[in-house]
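What follows is one structure encoded as structure tokens, with my remarks underneath.
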Amino acid sequence: MRFDVSGETRGEWFRFFRSEIREGGDVTYLDPEEGAGRVCLRIATPEVIEEIQSQTRKKVKEFVVNKLTRKMDRWEGFDQTPEQERRERELIWDHAIQEWEGILDKDGNEIPCTLENKLKLMNIPQFARFVGRCLQLISGANAGAAEEAGKN
């Protein structure tokens, strides 16, 4: 078995598939339609996440009173403004969605794979559910993920 350890993370290609939300909130994923576009997705490595967080969070260290012991304990956390939180989401989606083919606008024109367009599509629930499901499949978060990935 050969593995590329160069550090470049190549994504997995998925044909676009729709989903339906059933009564009770269960989501059913449908098979890709004939001629559906496809999207190349990847999961961010810990190094990528750390780099993104270094751009969008400020590490905070302070002492707080421990209510149980009444002593001062050192607390570490992150301070993040709503703007920084939004920017962090943008950077993560930009990394996760590597490229696409055959993703069309309402007039049938190819949508360029830019950060702006990635963010517009992620605001469409149908596309966001598709991306979320594909990332679950890549990460192996669900039993039988390999079987379902084979369908796409």
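The values are calculated or read from the model by the stated rules, or taken from the named source; none is laboratory data. Because the structure is a prediction, the values reported are computed rather than measured. Because the Cβ atoms are built from the backbone with ideal geometry, glycine has one as well, and the counts that use them run over all protein chains shown. Protein only, heavy atoms only, side chains kept; ligands, DNA and RNA dropped before computing areas. Shrake-Rupley method; radii C 1.70, N 1.55, O 1.52, S 1.80 Å.
Counting only protein heavy atoms and using a 1.4 Å probe, what share of the accessible area of the chain belongs to carbon plus sulfur, as a whole percent?
Details: 5390 of 10960 Å².
Looking at the chain in its full context, I get 49 percent from C and S.
Binning at 10 angstrom from zero up to the longest distance, how are the C-alpha pair distances of the chain distributed in percent?
9, 30, 29, 18, 9, 4, 0
Tell me the label-point distance for the pair D26, V60, using the 7 Å Cα-to-Cβ offset, in nm and rounded to one decimal.
4.3
Using only the alpha-carbon atoms, how far is helix 82-96 inclined from the longest principal axis of the chain? Give it as 0 to 90 degrees, nearest 10.
40
Under 13 Å Cα to Cα from K61, which aspartates and glutamates show up? Leave out anything in the same chain fewer than 8 places away.
Of all the aspartates and glutamates, those that pass the test against K61 - Cα under 13 Å, at least 8 places apart if same chain - are D73, E76, D79.
Counting only heavy atoms of the protein chains, get the accessible area per residue of the range 16-117 (1.4 Å probe) and round it to a whole Å² value.
On the way: 7530 Å² over 102 residues.
Ligands and nucleic acids excluded, the figure is 74 Å² per residue.
Can you list the residues, at least 5 places off or on another chain, whose amide H is less than 5 Å from the amide H of Q98, using H built in the peptide plane?
C40, L41, R42
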